[in-house]
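Okay, so here's the structure we're looking at.
Just so it is clear, none of the values below were taken in a lab; they were calculated from the coordinates. Predicted model, so just to flag it, every value in this text is computed and none were measured. Every residue, glycine as well, gets a Cβ built from its backbone with ideal geometry; the counts of neighbours run over all protein chains shown.
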Amino acid sequence: MNNPVHKSNKAIFRPFQGLLLFLLLLSSLHAYSENGYDLWLRYSLIENEAIRTQYTQFSSKIRVAGNSPTINALKSELMTGLNKMLDITPQISSVSTESYALIIATISNLPDNADITGMPEINDEGYIIMTQNVNGNERLIVTARTDIGLLYGTFNLLQLMQQQRDLQNIEVASSPRINLRLLNHWDNLDRTVERGYAGASIWNWQKLPEYIDQRYIDYARANASIGINGTVVTNVNANALILTPQYVDKVKALADVFRPYGIKVYLTARFSAPVELGDLDTADPLDPAVQEWWNVKANEIYNQIPDFGGFLVKANSEGQPGPQNYGRNHVDGANMLAAAVKPHGGIVMWRAFVYSPDEGADRASQASKEFVPYDGQFAENVLVQVKNGPIDFQPREPFHPMFGAMPKTPLMMEFQITQEYLGFSTHLVFLPKLFQEVLHSRTYQPNRNTRVADIIAGTEGNQALTGMAGVANIGSDINWTGHIFGQANWFGFGKLAWDPDYSLEQIAEEWLKMTFTPDPEFVNSFLPELLESREMPVSYMTPLGLHHMMDAGHHYGPGPWISNMSRPDWTSVYYHKADKSGIGFDRTTTTGSGAVNDYAPELAKLFNDPATTPEELLLWFHHLPWTYKLKNGRTLWDNLGMKYQEGVDEVGQMLETWKSLRPYVDEERYEEILMHLNIQFKEAKWWKNACMLYFQEFSEMPFPPEMTVPDKDLSYYKSLKFPYAPGIRPSWD
Ligand code: BDP
């Protein structure tokens, strides 16, 4: 694209006045090009005079009380933000007098005449932002119980400013509802990222601990700005080397960078580390020598990193070692590690994503079968980390039936922010909508109105430990997430981990405003597309409850024909079960796998009957004839074709909307997003064509008239191979 108006904001004289005016308008909107590195912390200059005057007034005399690395981080963010947004150099004082226009201080440090009575209670990480009238002048107060709370409050204030919100009479009181708000990086020590689509790992292990990349600081800023307070820096498919002193030194350097921002570091623990690091010949969790090995290891780590968070463990799953290798169980394994970190205040997050050795059982039931019997047996500093659905981060799954089924165990949510099964970093998909759909699902246990969100926030079980993890989509790409809209998923994850009831519209709106522009024309045009984008891949990949039909290994593109893998539950045919009689996985009680009974009886009853199963989950629970009639009176076959087509058409529509927003977005990001949308459109058609041609071999029915007929035949789609698709685990090549 070679449009001069994007290169300069100087007037360009042309004979046609109308055109000139148009160009001038464009040029003022396109002051400079951006590469996405600044995320939602761009702090662009505020041009609205009224808003700017108000903010400048509040920024005229600032007092930030306290003195700690966190307060220093806060001050530096405030300086940067105000300087860029208002083009001023703010004066920040720590001296206590009464005449400040903006006061940032913990509750115990507030001046006598600052009155916060009547504001809702906040917890230790929460904050209050409010204005007060002192002698006829408005004063802005940011207060909290702790310095971290103040940092969160300041970030929030800066976000309100970026959104150009009127701060007059503002009253915000906000506290996180979940304690552990963590990113999980599936990053390997060689800097490859399992299921990473945004370049290499941001952790430069070779240069650590001495070399501190500016990215580490910006990573911490971005996370703190959305309330994320922990990070697991290594892959769940773990490498024992990370536990050696050489690497712990490097992890310490990261922990030192993150600490002022309230972010704790966690590591993945390879269960066989005592053997692999050459010290013992067993990793049996009941062996006292093994227990002692972990105690010593924990001491070593805590000596270096006193606030180390603890361990995340993937055990006895996909080839990872675990207690079952020694005839022990998950409780034995988790509790042994928990005992090692307990004296230091650490925790263990034990993953429930397991593969049973019994391949005959329904994969959807495996975790429930293995874990539910252990309810109440885990040590008090253990959380069981459960994926949002019972299979594996599919475009749509019902919520995981373990939520609600283990009332005596703290269950932690695991979402996937990286888009392994959702088009990598090429497809625009607003995941917060998927996350909230799960969080708001009713479990019916322990109570009728209990939702998944209530269980993970601990309100049902009164548990002390609560947590939510997101598998990060972050890499060394200049824009962090490969696709600029991938940033919205990182942002939205943070907001929902803070409050699972945060409004989706608000998340989308805040992010659009801060990432692009608060111009209502722009925001109002793209907001509906963003919200709708969650449903698009469901329609063009796996509609009506279909799941796990991605091509094998790398999971890039359609592979409904995949049938020959070392485990049947890694194949697509295992999941869709298409044959001449119909399609879908029968999980009902009488004729199927019985997996419906992993849910509360109320739900099992609904899911047992196709007539009462929500249509979007129909083929998850039922194997139905191609001619089965859906609510619209059309056959299942026709509906499949219509859904696939709908997904394609909606992407096409989103692409057109984006094109219409060209005047509002700088050239670089506009073009990047446009190119990605074009790829998504092409790939949506690929999915539709490949799947419908494949299923037609079984249905033997003509495509519904609504569907565009594929322009290639099935053998073409089957022939496509992608040996170098990104994100694949090296050992799975
Ligand atoms: C699967 C991924 C695999 C992960 C695994 C896990 O394909 O790379 O290691 O999940 O969560 O979705 O452990």
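Here are a few things to note about the model shown:
- In this simple spin-label model, placing a label point 7 Å from the Cα along the Cα-to-Cβ direction at both Ser525 and Asn133 gives a separation of 4.1 nm.
- Relative contact order, percent, the range 30-174 [alpha-carbon distance under 8 Å, six or more residues apart]: 26
- Size of the range 286-421 from its Cα atoms: along the principal axes, largest to smallest, the extents are 44, 32, 28 Å.
- For the range 278-437: relative contact order, % (alpha-carbon pairs under 8 angstrom, 6 or more apart): 17
- Sorted ascending by nearby beta carbons within 10 Å, beginning with the fewest, Arg177, Arg669 become Arg669, Arg177.
- Zone of Thr589's modelled label, taken as backbone nitrogen in the range 376-408 under 12 Å from a point 7 Å along Cα→Cβ: none
- Counted without the sites themselves, the longest stretch of the chain free of GluC sites (Glu not before Pro) in a DSSP loop having at most 15 other beta carbon atoms within 10 Å is 381-699.
- In sequence order, calculated HN-Hα J values of the range 351-357 (Karplus, 6.51, -1.76, 1.60; Hz; x Gly/Pro): 7, 9, 7, 10, 10, 5, x
- Estimated FRET transfer efficiency (Glu210, Ala552; beta-carbon r; R0 51 Å; 0.05): 0.75
- Placing a pseudo-label 7 Å from each Cα along the Cα-to-Cβ vector at Asn447 and Ala464 gives an inter-label distance of 2.4 nm.
- Ascending count of other beta-carbon atoms within 10 Å, so fewest first, for Met692, Met536: Met692, Met536
- Mean Cα-pair separation over length for the chain, i.e. relative contact order, pairs under 8 Å, 6 or more apart, %: 12
- Pair-distance distribution P(r) for the chain, from all Cα-Cα distances in 10 Å bins starting at 0: 3, 14, 23, 25, 20, 11, 4, 1, 0 percent.
- Alpha-carbon centroids, the range 63-111 and the range 278-340: separation in whole Å: 44
- Lysine pairs in the range 623-717 with Cα atoms under 19 Å, if 8 or more residues apart or on separate chains: 9
- Panel order for Arg634, Arg351, Arg195, by other beta carbons found within 10 Å of each beta carbon, from fewest to most: Arg634, Arg195, Arg351.
- More than 24 Å apart - percent of Cα-Cα pairs taken over the range 180-515: 53
- For Lys297, the lysines whose Cα comes closer than 23 Å to its Cα, not counting residues fewer than 8 places off in the same chain, are Lys250, Lys252, Lys264, Lys314, Lys342.
- Alpha-carbon centroids, the range 458-486 and the range 634-687: separation in whole Å: 26
- Taking each DSSP H run with n ≥ 4 as -39500 (n - 2.57) and averaging over every residue of the chain yields -11000 deg cm²/dmol at 222 nm.
- Among the chymotrypsin sites (Phe, Trp or Tyr not before Pro) in the range 141-246, those placed in a DSSP loop whose Cβ has at most 13 other Cβ atoms within 10 Å are Tyr211.
- On the basis of the beta-carbon distance and an R0 of 35 Å, Glu615 and Ser660 show a calculated FRET efficiency of 0.65.
- Pair Gln304, Ala379: separation of 7 Å Cα→Cβ label points (nm): 2.1
- Under the membrane-span-like helix rule (DSSP H runs whose alpha carbons stretch at least 15 Å along the helix axis, mean Kyte-Doolittle hydropathy 0.5 or higher), the chain yields 17-29, 147-162, 330-341.
- Segment Asn239-Tyr724, length gained on full extension (0.36 nm per residue, minus Cα span): 172.3 nm
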